[in-house]
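The structure under discussion appears below in the form of C-alpha cells.
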Amino acid sequence: DAKTTQPPSMDCAEGRAANLPCNHSTISGNEYVYWYRQIHSQGPQYIIHGLKNNETNEMASLIITEDRKSSTLILPHATLRDTAVYYCIVRSKTSYDKVIFGPGTSLSVIP
Amino acid sequence: SAVISQKPSRDICQRGTSLTIQCQVDSQVTMMFWYRQQPGQSLTLIATANQGSEATYESGFVIDKFPISRPNLTFSTLTVSNMSPEDSSIYLCSVVVAPPLNTDTEAFFGQGTRLTVV
C-alpha cells in the first residue's frame with residue numbers, strides 16, 4: 001500500500017500558487033519525499049524530491065515539516081499546462097525498488 | 001537519465017487476442033517494471049521484469065495472463081493474453097537507475113501503451 005495520503009482533487013486559478021499537501025506520517029529516517037506528475041496521456045514525470053530541508057527547482061518548491069510527517073508541493077504560478085495528477089511518494093534515495101503510487105491529487109488549473 | 005520507448009503507443013484489439021508491448025531503454029538498467037493504469041485510476045504495479053529469470057508478479061497478476069520477457073538489460077516485453085474489455089488500460093514501463101558514479105537512484109517512465117479491447 002502507498003505510504004502517503006493526498007486530497008483526491010484540487011482547483012487553482014491560473015497565475016496563482018498551487019499548494020498540494022501530502023501526509024506521510026510513517027516515513028522512515030532514510031526515506032525521501034518525491035513528487036511526480038502525470039499529464040493526461042503521458043507517463044509520470046519527476047518534479048522534485050527532498051529529505052527534510054525545503055527544496056526548490058525550476059518547476060516547484062517542496063516544503064517538508066520539521067517532523068517530516070507531511071509536506072507541500074508548491075507550484076508558484078500555476079498555468080493551464082500544470083493541470084495533471086500529482087503523486088507524492090516516499091522512497092529511499094538509493095533504492096532500486098519499485099515505485100508505489102497512491103491515488104494522487106488531480107489538480108485543475110482554471111482560467 | 002534514461003529514455004524509454006514503448007511500442008505500440010496505442011492499439012485497439014479484439015477480445016480473445018493477445019498483444020505484446022515492447023519497452024526499449026537507451027542504456028543498460030538493472031530494474032525494469034511494468035505498470036497498469038486503468039481508466040481514471042492510479043498506476044498499479046504488475047511485475048518486476050528480471051533479466052535472465054522469471055518475472056516477479058504482484059498480487060492479483062499471474063504469468064499466464066501477463067507473460068513478461070527480459071532478454072537483456074535494455075529491453076523487455078509485456079504480453080496481455082486472451083484479452084477482455086476489462087484489460088483496457090494504459091500499460092507503462094518503468095526503470096530505476098543511478099547515474100554514473102552516483103548512488104542516488106531515479107525512476108523513469110515510458111509514455112505508456114493505451115490499449116482498448118473491443
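The values are calculated or read from the model by the stated rules, or taken from the named source; none is laboratory data. The structure displayed is predicted, hence computed values, not measured ones. Backbone-built Cβ (ideal geometry, glycine too); neighbour counts: all protein chains shown. In case anyone asks, the SASA skips ligands and DNA or RNA and just uses the protein heavy atoms, side chains included. Shrake-Rupley method; radii C 1.70, N 1.55, O 1.52, S 1.80 Å.
A:His77: accessible area at probe 1.4 Å, nearest 10 Å²?
Accessible area of A:His77: about 130 Å².
Connecting C-alpha atoms closer than 10 Å in a GNM of chain A, tell me which of A:Val90, A:Val33, A:Val99 has the biggest fluctuation.
Of A:Val90, A:Val33, A:Val99, the Gaussian network model singles out A:Val99 as fluctuating most.
Between B:Leu19, B:Leu92, B:Leu78, find the one with the highest GNM mean-square fluctuation for chain B; connect C-alpha pairs within less than 10 Å.
B:Leu19
With charges only on Cβ, +1 for K and R and -1 for D and E, what is the dipole size of the protein assembly as shown about its Cα centre, in debye, rounded to 20?
For this selection, approximately 200 debye.
What residue among B:Val117, B:Phe61, B:Cys93 has its Cα farthest toward the positive end of the dipole of the range B:10-118, where the charges are +1 on Lys, Arg and -1 on Asp, Glu, each on the Cβ?
Looking along the dipole axis, the top candidate is B:Val117.
I'd like to check one number: the per residue accessible area of chain A, probe 1.4 Å, reported in Å² as a whole number.
Per-residue accessible area for chain A comes out at 51 Å².
Which FRET efficiency, nearest 0.05, do B:Asn50 and A:Ala13 yield, Cβ-Cβ r, R0 45 Å?
Taking R0 as 45 Å, the efficiency between B:Asn50 and A:Ala13 is 0.45.
Out of the total accessible area of chain B (probe 1.4 Å, heavy atoms of protein only), what percent is carbon and sulfur?
49 percent
Can you pull the mean other chain C-beta count within 10 Å for peptide B:41-49?
4
Too long at a 28 Å Cα-Cα cut-off: which of A:Lys93/B:Lys65; A:Lys69/B:Lys65; B:Lys7/B:Lys65; A:Lys3/B:Lys7?
From A:Lys93/B:Lys65; A:Lys69/B:Lys65; B:Lys7/B:Lys65; A:Lys3/B:Lys7, over 28 Å: A:Lys93/B:Lys65; A:Lys69/B:Lys65; A:Lys3/B:Lys7.
Largest first, what is the accessible-area ranking of B:Val80, B:Val97 with a 1.4 Å probe?
Highest to lowest solvent-accessible surface, that is B:Val97, B:Val80.
If each residue of separation counts as 0.36 nm, what is the full-extension length gain between B:Ser9 and B:Asn72 once their alpha-carbon separation is subtracted?
20.5 nm
Once you charge only the Cβ atoms, +1 for Lys and Arg and -1 for Asp and Glu, what is the size of the charge dipole of chain B about its Cα centre, to the nearest 20 debye?
The dipole magnitude comes to about 300 debye.
Take the Cα atoms of the range B:1-112, find their three principal axes, and give me the spread along each one in whole Å, biggest first.
Ordered largest first, the range B:1-112 gives principal extents of 47, 29, 24 Å.
Top mean-square fluctuation among B:Phe61, B:Phe75, B:Phe33, Gaussian network model of chain B, C-alpha springs under 10 Å?
Greatest mean-square fluctuation among the candidates belongs to B:Phe61.
List the Cys residues of chain A that have no partner Cys with a C-beta closer than 4.7 Å.
Lone cysteines by the Cβ rule: A:Cys12.
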